[in-house]
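Worksheet: the structure to be examined is printed underneath.
The values are calculated or read from the model by the stated rules, or taken from the named source; none is laboratory data. None of these values were measured; they are calculated from a predicted model. All Cβ positions, glycine included, derive from the backbone under ideal geometry; neighbour counts span all protein chains shown. In case anyone asks, the SASA skips ligands and DNA or RNA and just uses the protein heavy atoms, side chains included. Shrake-Rupley method; radii C 1.70, N 1.55, O 1.52, S 1.80 Å.
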Amino acid sequence: GKLDDDDCVRSLVSELLETDGARLAIENFHRELFGLDRYRSILKSPTTFPTFSEAIIPTLLEADLNFFTHVFTRNLGFREILTSDVAFVNDATASFYGLTSSSSTLTEVRLDGSRPGFLTRVGFLAYNANLVEPDPIHRGVDINNRLLCAHLSPPPGVIPPLPEPIAGQTNRERVVAHTGEGFCGNCHNEIINPPGFALESFDAVGRFRTEDNGKPIDTTGSLFAGDVTLEFADIGELTQKLAGNSVAHSCYAAHLAEFVFARDVGNGETELISTTQSQSLSGDASIKSMLLALLTSSEFSRANTRSP
């Protein structure tokens with residue numbers, strides 16, 4: 001009968017959250033949330049990027065899983081997913097971060113301020129890029145869908161591809177010229193393109209760059225997130241503002257609740273999601289603390305006994 005006691009349940013859940021089973025479960029959560037298995041489809045031009053091969057793709061996946069495990073096991077939270085300077089590299093991937101390594105084993109390293117959080121890791125950047133150029137549109141869509149729960153749908157009809165680059169034109173200028181006006185501009189200017197442009201300082205394989213086609217990289221922009229507009233100079237400033245944004249924390253809390261409950265969250269969970277989001281945003285709650293709150297909630301631990 002001890003499970004009838006809330007304090008006992010809380011104690012047992014806390015113990016379970018320290019097990020390998022919990023670690024693997026949260027590893028799978030982040031694998032699904034950020035679509036890490038998509039990395040298997042990464043392709044790059046061997047002419048443009050001779051040091052990038054399909055052989056390193058499993059390493060990129062493992063490195064990101066290690067990153068999320070680091071956040072979870074060190075009792076860190078959603079804020080650190082966006083801002084942490086920790087990464088995992090080996091002799092095959094270190095050069096993409098401007099580092100050197102002689103070990104084939106993934107090793108924890110600290111990156112400089114140009115690479116805050118998961119969004120600047122090579123796997124995410126290389127997946128959201130084409131054979132030779134970074135793809136600010138899909139980088140922006142991924143950030144909106146997975147971090148802000150924007151649920152952007154493809155526009156109707158046939159989407160024309162980006163035109164071929166013009167001599168002297170940057171990748172950003174090409175995207176703006178193609179998407180910035182008319183019907184497309186309604187979403188691209190304020191929602192889709194801005195977070196992608198914040199990542200223009202990283203090329204199609206995630207290497208840092210300061211110029212594109214002979215011109216300085218422009219990473220400035222403003223992103224409409226919920227009911228506020230986030231002005232930023234670069235990805236460092238954007239991730240700091242996302243880390244303090246209520247919509248981003250609410251989105252992560254909702255995704256985590258759906259994973260725990262194994263179903264979509266409904267109107268009945270609004271208060272629980274709001275409380276969990278507040279703990280994350282205002283109290284810097286760890287992922288473990290958020291899980292503890294969800295797993296010991298009445299929504300999880302008590303059956304719905306409404307009469308038919």
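What the table shows:
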read-out	value
Matching residues, the stretch 142-159, being out of contact with any helix residue (DSSP H, G or I) (no Cβ under 7 Å at 6 or more places or on another chain), open to solvent by less than 80 Å² (accessible area, probe 1.4 Å) and over 17 Å from residue 196 (Cβ atoms)	157
Residue match in the stretch 181-201 (condition: open to solvent by 20 Å² or more (accessible area, probe 1.4 Å), aromatic (Phe, Trp, Tyr) and in contact with a Ser or Thr (Cβ under 7 Å, 6 or more places away or on another chain))	no
Pair list, Cβ < 9 Å and 6+ apart or interchain, from the stretch 25-54 residues that are in contact (Cβ under 8 Å) with a residue 24 or more places away in the chain to residues that are hydroxyl-bearing (Ser, Thr, Tyr) and in a loop (DSSP other than H, G, I, E, B)	44/53; 52/45
Restricting the stretch 283-295 to residues that are small (Gly, Ala, Ser) and touching a residue at least 24 places away in the same chain (Cβ under 8 Å), the residue that is most open to solvent (accessible area, probe 1.4 Å)	289
Residue list for the stretch 206-229, restricted to those being hydrophobic (A, V, I, L, M, F, W, C) and crowded, with 22+ Cβ neighbours inside 10 Å	223, 225
Residue ranges of helices (runs of 4 or more DSSP H) in the stretch 214-308 with at least 1 members over 23 Å from residue 30 (Cβ atoms) and at pLDDT below 95	270-283, 298-301
Neighbours by Cβ (under 9 Å, 6+ apart or cross-chain): first from the stretch 255-282, within 22 Å of residue 150 (Cβ to Cβ) and among the charged types (D, E, K, R); second in a loop (DSSP other than H, G, I, E, B) and at pLDDT below 95	258/264; 258/265; 269/297
Which listed residue, of 233, 262, is open to solvent by 10 Å² or more (accessible area, probe 1.4 Å), among the aliphatic types (A, V, I, L, M) and at positive phi	262
